[in-house]
Structure formats: C-alpha cells, structure tokens
Amino acid sequence: MQQQENHVGRRRFLSRLASGVLVAVSAGPAFAEEMDRVRTPRQTEGPFYPDRLPLDRDNDLIVVSGGLTPAVGQVTHLSGRILDARGGPIRGAVIEIWQVDNNGAYLHTQDPHAGRRDRNFQGYGRFETGSTGEYRFRTIKPVAYPGRTPHIHVKVSRGGEELLTTQCYVRGEPQNARDGVLRGIRDPAARESVIVSFDPVSGSKIGELAARFDVVLGWTPPSA
C-alpha cells in the first residue's frame with residue numbers, strides 16, 4: 001500500500017509539472033508589480049555541497065530513481081521564481097538545492113552523520129527555468145543540523161556562470177534567532193527575504209507543505 005501511494009504521489013507531482021500547475025500558494029497576477037525589489041543576499045555554500053552528485057539529480061528529492069520507498073520527512077513543495085535586478089524572469093537559469101535528510105545528514109562523504117543518512121532521500125536536486133523564471137521541487141521540510149537552524153541551500157547559475165549562492169529558512173522556527181549565518185545578514189529586509197512560510201497544502205491527506213522562495217539577483221542578462 002505504501003509503495004502504491006508513493007507511485008501515485010510521484011505521478012501526481014510529475015503531472016503537475018507537465019501541466020505547469022503550481023502547487024504552492026500563488027502570489028497573484030500582479031506579483032511582478034507588487035514585489036519588494038530586495039535583492040536576495042549571498043550566503044555561504046557551507047562545507048557540505050555534495051562531493052559526489054547522485055545519479056538522480058531531478059527536482060523530486062522524495063523518491064530516488066528506481067526506488068520504491070519514499071524519503072522520511074514532511075513532504076514539501078518548494079517553488080518560486082528566479083528574477084533579475086529589474087524584477088524580470090530569468091529563463092535558462094539552473095537552480096540547485098541541497099539539504100540534510102530527516103536524520104540531519106548531508107549527501108557528503110565527510111559529513112560526520114553520513115553513516116546514518118536516509119538512502120531514500122536524494123539530498124540534491126536541480127531545475128532549469130523556462131520563460132516565466134519558475135522553478136519547483138518536491139523535497140522535505142528542512143530539519144535542524146548541529147549548530148544550525150533548519151535551512152535549504154540554494155545555488156543559481158546560468159550558462160555555466162554562478163550567479164548566487166544563498167540559503168532559505170523556515171518562518172517561525174525558534175532557532176532562527178540564534179543562527180549565526182542567518183543573523184549575519186545585517187540588513188533586516190534582506191534577512192527577511194530568505195525566511196519563508198511553510199504552509200499546509202489544502203486537501204493533502206499526508207500533511208504536505210508548500211513554500212515559496214523567490215530569488216532576486218543583482219544581475220541582468222546581457223540580452224535583456
């Protein structure tokens with residue numbers, strides 16, 4: 001039964017991707033006009049960017065290709081847009097994410113917790129944006145790592161050029177107030193821009209969440 005539900009969930013997710021239906025809460029048609037043009041702050045890549053990228057590098061981190069058992073954790077649909085310095089969507093941007101699994105282990109051989117890693121969690125994913133600048137991932141809600149508040153690492157590149165590395169955080173997480181990396185963002189508006197809400201998905205029978213993280217780059221494509 002669990003395997004059947006897992007396959008149904010994956011088919012539903014891929015179907016949503018194909019139809020362009022966004023799982024997360026919509027920001028509305030006037031999003032581009034209403035958004036605050038605060039540029040997303042650059043943050044440390046950290047020591048545990050995967051040193052061996054998985055064979056499965058798609059945007060569904062819940063199920064590893066060929067596997068039947070889903071990752072442990074609260075399923076989260078992370079989506080958003082990659083925007084240039086003027087608020088326009090960036091096409092052809094590659095966004096990568098990586099994070100610890102539900103046991104607090106990264107996909108990295110030197111992580112001290114690597115021995116207890118959830119082998120059913122992909123740990124890393126990537127997505128290339130289309131004309132709207134939209135991206136989407138299915139992952140798990142981030143959990144705490146020793147010395148760090150829950151977070152997801154994000155890297156954006158285009159044409160092989162790295163444009164930004166940052167992190168996004170969970171709104172309302174008590175450990176945010178004590179996290180040195182997050183508190184290192186001195187500008188309050190910039191710090192607020194990387195803290196996002198993880199809200200329940202209406203009608204989900206398994207307690208799925210949706211989070212929207214829009215990335216505003218201090219960069220404009222040469223062709224724009």
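The values are calculated or read from the model by the stated rules, or taken from the named source; none is laboratory data. Only a predicted model underlies this, so the values are computations on that prediction, with no experimental measurement involved. FYI the Cβ positions are ideal-geometry reconstructions off the backbone, even for glycines, and counts take in every protein chain you see. To get the accessible areas, we keep the full protein, side chains included, count just its heavy atoms, and leave off ligands, DNA and RNA. Shrake-Rupley method; radii C 1.70, N 1.55, O 1.52, S 1.80 Å.
Comparing Cα centroids, the stretch 172-220 and the stretch 111-131 end up 19 angstrom apart.
Stretch SER197-THR132 to full length: gain in nm at 0.36 nm per residue minus the Cα-Cα span?
Stretched out fully, the SER197 to THR132 stretch lengthens by 21.2 nm.
Shape of the stretch 55-197 from its Cα gyration tensor (a ≥ b ≥ c, root eigenvalues): rounded if a/c is under 1.5, otherwise prolate when a/b > b/c, or oblate? Because a/c hits 1.5 or more and a/b fails to exceed b/c, the stretch 55-197 counts as oblate.
Per residue, the stretch 171-219 exposes an accessible area of 53 Å² to a 1.4 Å probe, with every protein chain left in place. Just the number, please: carbon plus sulfur as a percent of the accessible area of the stretch 144-199, 1.4 Å probe, no ligands or DNA/RNA counted. Exposed carbon and sulfur together represent 47 percent of the surface. Packing around the peptides 175-188, 64-77, taken as the average count of other Cβ atoms within 10 Å per residue, puts them in this order, highest first: 64-77, 175-188.
Within the stretch 124-224, DSSP assigns beta bridges of which about 85% are antiparallel (rounded to the nearest 5). Here the stretch 36-112 is treated as an ellipsoid with the same Cα gyration tensor; its semi-axes, largest first and in whole Å, are 27, 17, 13. Length available on full extension from VAL181 to ALA144: 0.36 nm per residue minus the Cα-Cα distance, which gives 12.0 nm.
Report the extension gain between SER204 and LEU55 in nm, rounded to one decimal, defined as 0.36 nm multiplied by the number of residues separating them, less their alpha carbon distance.
50.7 nm
In this rough spin-label picture, where each label sits 7 Å from Cα along the Cβ direction, the ARG37-GLN74 distance is 3.6 nm. Report relative contact order for the stretch 72-165 in percent, whole number only (criteria: Cα-Cα under 8 Å, sequence separation at least 6). Relative contact order of the stretch 72-165: 37 percent.
Express the relative contact order of the stretch 89-224 as a whole percentage, based on alpha carbon pairs under 8 Å and six or more residues apart in sequence.
Relative contact order of the stretch 89-224: 20 percent.
Here GLU161 and THR109 are evaluated by their C-beta separation; at R0 = 30 Å the FRET efficiency comes out at 0.65.
Can you tell me the FRET efficiency between ARG119 and ALA190 if r is taken as the Cβ-Cβ distance and R0 is 35 Å, rounded to the nearest 0.05? Efficiency at R0 = 35 Å is approximately 0.45.
What is the sum of charges, Lys and Arg at +1 and Asp and Glu at -1, for the other residues whose Cβ falls under 14 Å from the Cβ of PRO174?
+2
Peptide packing: for 164-173, 143-152, the average count of neighbouring Cβ atoms within 10 Å per residue gives the ranking 164-173, 143-152, highest mean first. Taking the DSSP beta bridges with both ends in the stretch 59-171, the antiparallel portion is around 95 percent.
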